[in-house]
1. Find, among the GluC sites (Glu not before Pro) in the stretch 376-425, those assigned to loop by DSSP (not H, G, I, E, B) with at most 12 other beta-carbon atoms within 10 angstrom.
2. I'd like the trypsin sites (Lys or Arg not before Pro) in the stretch 353-446 restricted to DSSP loop residues with at most 13 other Cβ atoms within 10 Å, sorted by number.
3. Just to be sure I understand the model, the point goes 7 Å from the Cα along the line to the Cβ. What's the resulting H97 to R31 distance in nm?
4. Residues of the stretch 394-413 with amide nitrogen under 20 Å from the 7 Å Cα-to-Cβ point of N451?
5. Calculated FRET efficiency, Q275 and W482, Cβ-Cβ r, R0 41 Å, to nearest 0.05?
6. How much length, in nm to one decimal, is gained on full extension between A173 and D398, taken as 0.36 nm per residue of separation minus their Cα-Cα distance?
7. Filter the GluC sites (Glu not before Pro) in the stretch 26-127 down to the DSSP loop ones having no more than 14 other Cβ atoms within 10 Å, then list what survives.
8. For the stretch 240-254, what does the Karplus curve 6.51 cos²θ - 1.76 cosθ + 1.60, with θ = phi - 60°, yield as ³J(HN,Hα) per residue in whole Hz, taken in order and with x for Gly and Pro?
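Nothing in this text is a laboratory measurement; each read-out follows from the coordinates by a stated rule. Keep in mind that this is a model prediction, so the values were computed, not measured. Cβ: placed from backbone, ideal geometry, glycine included. Neighbour counts: every protein chain shown.
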Amino acid sequence: MAYRWETPASVWQEDDRSGEFELLSTEGLGRIDWQAHARGRLPDVAHLLGASLPDACGCAPIYPEGFAWCPHCGSALRRLAGRAARTPDWWGPHGDHQLPRHVPHGLPVTSLPLGDSLEERPAPPAVGRHDLSMPVPPNAQCVFAAATYGFPEQRLLALAHTRGVLQYWDPLARLWHVMAPEEGAAELAFTRSDYAWLPVLNPGRGEVAVVPAAHSLQRLWINPLSETYRTETVLAAPPAASPGAMRRHTACPVLGDGGALLLWTTRGELPAGEQFDCADAPTAGWSRPIGYDGRLFWLHEDGQLVWRPGEAPRWMRWPAPWTPRLAFGGPTQSRDGRLWLIGHDGEAYSFLELGAADPQREPIDGARLGFANLLFRRGHPVLDEPWSGEHVEDPNEDETLVLPLLRSFNNNRSQPSGLVLRFHRYTGRAEEALSSKLIARTTVEWIGRRNVILDEIARLARPLECVPLVYDNCLWLHHPDWNQMRGWRLDDAA
Ligand SMILES: [Zn+2]
């Protein structure tokens with residue numbers, strides 16, 4: 001004989017001989033194969049559901065949500081319901097939707113006040129070391145999200161977007177699980193352009209994001225109990241680039257029936273929408289969308305696609321022979337609020353005004369790396385206009401090259417702060433440092449009110465593959481070549 005227990009979100013069955021509880025169903029998660037899957041993962045499952053765990057007795061390994069006492073012996077239980085602290089979401093360095101409107105969205109800028117705790121560390125010449133490490137996901141070329149997906153606790157996902165493999169971190173077992181597609185789930189790989197997803201503001205249980213896939217835009221749902229995922233088609237057209245959002249509008253460049261580019265746009269609820277013809281524009285190789293000044297920008301080696309909701313999109317080629325240096329970072333702002341992109345006209349570098357039919361150009365005398373006003377000329381910050389002379393505090397930094405990874409936006413600060421890599425004894429071309437070159441010594445640094453050397457990396461290649469993320473009150477740095485991610489504790493990221 002078995003007893004049924006119903007909680008607001010779940011139905012459990014108690015086996016009267018063993019005294020153990022089996023989860024029959026829970027809101028939003030479909031079929032649950034409790035015996036086959038969940039058994040080894042009960043602590044994680046209990047935290048995800050807000051269920052209870054044994055504390056003083058061993059009568060059962062898990063109890064339904066809200067149970068305060070063991071029904072068999074009366075011992076107190078560990079009630080997890082309502083215990084989870086609210087932690088800020090992380091949707092990738094490009095995915096902060098909490099930024100104010102005057103900061104470009106879609107660049108590696110976070111609104112989390114990382115400097116407040118990182119700047120407490122010893123100042124140079126002290127060279128720090130990461131506090132924690134965590135295994136890299138088995139498919140290491142990936143994008144990360146840390147969010148609740150409608151559950152009480154935050155969990156980390158790593159999507160290997162070139163292979164379409166979704167990986168889930170069980171923080172209690174300290175293991176990555178590869179999630180299996182449920183029957184009919186769409187292929188998740190997307191390689192046509194840079195990868196970006198659209199997070200859901202008030203997710204249902206298991207709801208992750210709207211994601212670009214090879215043949216369609218999909219809404220992704222996870223079932224962390226069965227370690228599976230499913231998808232729902234949002235738009236049945238192949239995306240040419242990642243989707244972007246501007247206030248209540250969403251837009252995505254897609255391939256039309258004849259293979260030419262269309263911009264699909266919608267206001268409010270997906271998927272109703274309007275389409276615009278962009279037949280001359282390329283069908284692959286786009287940057288992630290950048291939202292600024294009421295417009296969305298997709299950048300390409302050949303030009304820019306610019307869309308303001310309510311208007312037709314514009315595809316504008318770069319003025320020949322100027323070509324962009326997209327690998328240097330991304331757009332940056334001038335003091336009057338215009339957006340600029342660095343490039344080269346065959347003779348010299350210059351900044352080109354974005355979004356203008358007849359763009360202004362500002363010449364510069366060398367490469368500058370960065371984005372969103374976190375900009376460096378070799379080892380020196382550029383503080384005024386993007387084309388202003390660099391600020392030389394220490395002439396020795398001429399022999400270093402700084403690559404900004406993540407800016408931390410903070411309204412109270414006049415100078416940009418953020419996470420950077422500094423390549424030491426490097427006087428070669430910036431293009432080579434970012435592509436083929438193996439860099440003997442790199443330091444991971446925090447630039448802020450106080451600069452801090454967080455760590456040191458020997459023999460770094462392909463530095464643009466470094467991915468910063470914030471999860472579990474830690475700043476992490478991931479590189480597909482490493483066995484471990486490096487983590488630095490934050491006091492309180494919220
Ligand atoms: Zn008991």
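1. E393
2. In loop regions of the stretch 353-446 (DSSP not H, G, I, E or B), the sparsely surrounded trypsin sites (Lys or Arg not before Pro) are R413, R425, R429.
3. 3.2
4. 394-410, 413
5. With a Förster radius of 41 Å, E is 0.45.
6. Result for the pair: 76.4 nm of gain on full extension.
7. In loop regions of the stretch 26-127 (DSSP not H, G, I, E or B), the sparsely surrounded GluC sites (Glu not before Pro) are E27, E120.
8. Per residue, the Karplus-derived 3J(HN,Hα) values read 8, 8, 6, x, x, 10, 9, 6, 8, 9, 10, 9, 8, x, 10 Hz.
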